[in-house]
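Data first, discussion second: the structure below is written as structure tokens.
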Amino acid sequence: MWACGLTVLGPGVLTASKINQRAGENDAVMGEEVDRLFHLAVDLPASQRRAFVEAHAGGNAALIDEVLELIRHDQQTLFFDQVVEVAADDLADVNSDLSGKRLGPYRLLEPIAHGGMGHVYLAERADDQYQKRVAIKVTRGALGDDALAEAFLTERQIQANLEHVGIARLLDGGMSEKGLPYLVMEYVEGEPIDRFCDGRSLSITQRLKLFLKVCDAVEYAHQQLVVHCDLKMSNILVSATGEAKLVDFGISRLSGRPASTDQALEPRARRLTLRYSSPEQIAGARLTTATDIYSLGVVLYELLISARPYAVNVTGTAAYEQALAAAHYEPVLESPTLAKLPRLRRSELDAILRIAVAKKPEHRYRSVADFADDIRALISGNPVLAHAGSRIYRARKFVTRNAASTGLVLAIVTVIVGSSVVTAHQNNVIRKERDTARLQQQRAEAVTTFITDMFASLDPGQAQGREITVEMAMAKASEKLRASVGVDALDPYVRGSIEQ
């Protein structure tokens, strides 16, 4: 039987109106207790609130739940108000100049760079403790964006761990009055590497040597398991003395991070410069040191010939990814900029760049160190591993590398060979002269023997009464001559000698 809203008569029995009245009184008491515990607990540290409420709620589970729920609602409302305030400030100040404002002990002087995660200002100490100019990176919109806030904190920790002459150092960090984080960096007074090279008309070799300094810094970062992920001209600054420094590790990654961490930062915290981004980076795949090798390859390609290795001129991540997949590498052999270089050297440069900007990570150099080693080999004239290593190629490199000593050796060999030829010719002449003299002597002896024998045949004592004619004497002498020395009396030389 439904009794709700009915009046039940009888002694000692509560009517519905009395029940509702008593419930209202209990609710009022409950509400007062909830308010009392809430105001006592809300100012306590978050870790102590639950224990406090449970200790003072007298075991009333409903009271405990009500107070804790009210505390959670209050914190969410407070956080939402902060986010709205910061968002409103961001919208109002997105294009404003913050010069003159203070962040902690520093005063912002002027903007020097703008990035996807924030703005960079030239700043100075404003507390008169000491004088020093720094670069301060202010991150806008990090509050309320967990991915962006995590990326900023990662950048801060990464740069705190990097100590290298070729990397801008982290000096300090803090939070603004509104809770926005900022980084205080070493101020690098320089210009992007391409402008530095072009402004001073550096030669190919000079550009390669400067680029090697960049490779050393990147290789150091990789040894610390850090992938920069945003290597481009504007993030490689060169001082007036020619020292290169890497800046802006805003989207850098620790190469050992699980893939899920990188995915959590997509797409808001992932800031890409498509022109220098590797195919796997554009596709959102897992990043490795090969990503930086690709970007370095693009930087070097542009430093040498002021063009891109892949002629892709579309905007938008999806369109660029598709166009890059279909694009073909542009060889540097036919580049007018490198026309004055020997063809072999242009071929070596082309081989190096082809490997550095290969579309698949596994086809690139295994490390930045290997990339740099090939560049050093190119400069010094040693064989380049990226180039086909035939014996003829290595021999040509040896001759080119040792031109002076090779020329001297060739000169000595030429002298020796020439001397040998002259000596051999002289020996041959002497030998012929000696042989001629010996032959002349033999023939002279033969003539003398022939004449002697011929006149002996005409001696009456030897004729023994027979009549000896000249023809008989010559025949007999000739026979004897042939038997003794093998020369016939009719030999032209002997005949000539006899006739003389």
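A simple packing score, the average count of other Cβ atoms within 10 Å per residue, orders the peptides 194-200, 181-187, 156-162 as 181-187, 156-162, 194-200, with the highest score first. Per-residue extension of 0.36 nm, minus the Cα-Cα distance of Glu189 and Leu385, leaves a gain of 66.9 nm for this segment. Cβ-Cβ distance of Ala475 and Thr436, R₀ of 25 Å, FRET efficiency by 1/(1 + (r/R0)^6): the value works out to about 0.25.
Computed from the Kirkwood radius of its Cα pairs, the Stokes-Einstein diffusion coefficient for segment 163-251 at 20 °C and 1.002 mPa s stands at 152 µm²/s. Taking 0.36 nm per residue of sequence separation and subtracting the Cα-Cα distance, how much length would be gained by fully extending the chain between Asn161 and Leu44, in nm to one decimal? That pair, Asn161 and Leu44, stretches by 38.6 nm at full extension. His164 sits among other residues whose Cβ lies under 10 Å from its own Cβ, and their net charge, with Lys and Arg +1 and Asp and Glu -1, is -1. Taking each residue as 0.36 nm, the span from Asp198 to Thr288 lengthens on full extension beyond its C-alpha to C-alpha distance by 29.3 nm.
Given R0 = 60 Å, the distance between the Cβ atoms of His363 and Asp65 translates into a calculated FRET efficiency of 0.50.
Pairs spanning more than 27 Å between alpha-carbon atoms, out of Lys137/Lys359; Lys137/Lys245; Lys245/Lys340: Lys137/Lys359; Lys245/Lys340.
Values quoted throughout were computed directly from the atomic coordinates according to the rules given, and no laboratory measurement underlies them. Since the model is a prediction, treat every value here as computed from it, not as a measurement. Here Cβ is always computed from backbone atoms with ideal geometry, including for glycine, and neighbour counts include all displayed protein chains.
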